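A quick write-up on the structure given underneath.
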């Protein structure tokens with residue numbers, strides 16, 4: 001197989017942009033900071049001054065809530081296919097440590113309402129109410145306008161730096177540098193959460209996601225049109241000024257952990273530079 005045919009499946013592995021979750025759960029809609037609006041416990045409303053002290057931060061699947069001097073940390077699991085939508089909180093710190101609290105939730109504009117059991121003994125509620133002696137907690141949160149999720153901020157920063165048209169300047173496969181003439185005419189355009197690449201005269205489209213807080217930063221690439229359609233690959237990346245460096249595993253192989261290739265490794269290192277009009 002010539003270099004060009006080999007590269008057709010390799011140069012497609014370029015880039016880094018986040019692909020938002022698009023599954024049965026709306027985890028992304030829950031992300032960020034929230035302030036408490038009102039809270040009912042067993043039919044009794046908390047004093048307004050106490051309710052105002054309530055804070056909630058959801059980052060990925062970690063749920064961190066605080067009300068007055070009480071705090072709780074939990075891992076959340078949601079199922080937005082149910083009606084009402086379901087949420088489970090596996091508590092790792094706080095009053096209910098070690099318990100899984102069953103609840104329901106809804107998102108209306110900037111409001112998040114959660115109704116759950118006070119302990120793991122309560123069955124999952126079926127409506128958004130916490131009447132007297134129900135063993136339920138009903139809370140309404142409003143999205144914070146000032147909270148900045150560190151992951152969201154890092155993603156936005158990297159996304160802005162990555163939006164470009166660029167050319168490959170170096171490819172290494174199996175510890176061997178590929179001759180520049182094999183890829184000197186190939187290009188890549190990154191915009192939003194998508195990429196388009198011309199490889200050996202063929203156009204390839206795809207989407208990709210990043211984790212800019214991982215060490216090293218990680219990338220997952222999904223091909224949506226052209227050669228490789230329906231396949232995905234895992235890699236790592238780094239940015240240095242106008243240079244982008246990625247190390248990508250071949251399909252169905254584990255994510256690389258360092259920017260190294262060799263005769264017994266099937267990872268590909270690519271270095272790209274921004275093109276100026």
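Here is a list: 252, 240, 220, 186. Which entry is within 24 Å of the chain's Cα centre (by Cα) and crowded, with 17+ Cβ neighbours inside 10 Å?
220
Suppose the filter is under 28 Å from residue 150 (Cβ atoms), at pLDDT 85 or above and assigned to a strand (DSSP E or B); does residue 269 pass it?
no
Restricting to the range 142-175, what's the tally of residues that are free of Cβ contacts under 8 Å to residues at least 24 places away in the same chain and under 15 Å from residue 271 (Cβ atoms)?
Here the count works out to 0.
Which of (1) surrounded by fewer than 15 Cβ atoms within 10 Å (Cβ to Cβ); (2) free of Cβ contacts under 8 Å to residues at least 40 places away in the same chain; (3) assigned by TED's automatic domain parsing to the domain that holds residue 53 does residue 124 not meet, given it meets every other one?
(1)
Filter the range 103-117 down to the residues that are surrounded by fewer than 17 Cβ atoms within 10 Å (Cβ to Cβ) and in contact (Cβ under 8 Å) with a residue 12 or more places away in the chain, then identify the one that is farthest from residue 40 (Cα to Cα).
110
Which one of these is surrounded by 13 or more Cβ atoms within 10 Å (Cβ to Cβ) and not in a strand (DSSP E or B): 167, 181, 161?
Every option except 161 fails the conditions.
Every residue in the range 245-258 that is touching a residue at least 24 places away in the same chain (Cβ under 8 Å) and either within 18 Å of residue 168 (Cα to Cα) or touching a strand residue (DSSP E or B) at 6+ places or on another chain (Cβ under 6 Å) (or both), please.
In the first step, residues of the range 245-258 are kept if they are touching a residue at least 24 places away in the same chain (Cβ under 8 Å); the result is 245-246, 248, 255, 257-258.
Correct list: 245, 246, 248, 255.
The values are calculated or read from the model by the stated rules, or taken from the named source; none is laboratory data. Predicted model, so just to flag it, every value in this text is computed and none were measured. Using ideal geometry, Cβ is built from the backbone for each residue, glycine included, and neighbour counts are taken over all protein chains shown.
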